[in-house]
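Below is one structure, written out as structure tokens; comments come after it.
The values are calculated or read from the model by the stated rules, or taken from the named source; none is laboratory data. Predicted model only: the values in this text are computed from it and were never measured. For neighbour counting, all protein chains shown are included, and Cβ atoms are generated from backbone atoms with ideal geometry for every residue, glycine included.
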């Protein structure tokens, strides 16, 4: 049993784990994803801090406050809240250059709008971040749309014509973050119970930190060392 636990811990390589908060509903914020742009062969957009669902009818993407966009080709963006009225800025974005969506300027009284548009000639796209206001010199963020979408169930998302970003993602979406919760799973070494060990339950399995295991097994036949190989960017067990 002890060997199985050590093997599971080594596979996880969990030098540190902390409880993670899961979003309600089916939608979540993705740290990074690349999508194919409809109607333009070869054009892709890499987005950070973006909702895992989008609106295909208007091809709208929804971002958290610090969400960015970048493209693999040069594009011309229309930036501003009143773009449909012709009140906008034009920005040429070079390949690989990042733009923070919430930095899009709005009216002087409102501050920042968080609305960016792209027209490829074949299709139009909206990149929408939480609206940022400057109120009496203080920056205020309004993200009611994003907050609402994060609470929607699968059925509610479909009813509102919001569909999975996985449909157009290059290589699919990154895996969902695993929820980790502390557990009081006992650990025995040579028949003796070890106290003070931090353990976490993830997906029904218990995980221990490798350095903790190395410490409690020190001086036994199963002892091992944990080192960091900076050249290979990897954990070394010996």
Restricted to region 69-104 and to residues being over 14 Å from residue 118 (Cα atoms) and buried (at least 17 other Cβ atoms within 10 Å of the Cβ), the residue modelled with the lowest pLDDT is 102
Just a yes or no: is a residue in region 195-210 within 22 Å of the chain's Cα centre (by Cα), under 30 Å from residue 129 (Cβ atoms) and assigned to a loop (DSSP other than H, G, I, E, B)?
no
Residue that is nearest to the chain's Cα centre (by Cα) [pool: residues in region 177-186 that are modelled with pLDDT of 80 or more and not in a loop (DSSP other than H, G, I, E, B)]:
181
Restricting the search to region 172-214, which residues are within 17 Å of residue 29 (Cα to Cα) and touching a residue at least 60 places away in the same chain (Cβ under 8 Å)?
173, 174, 176, 177, 178, 179
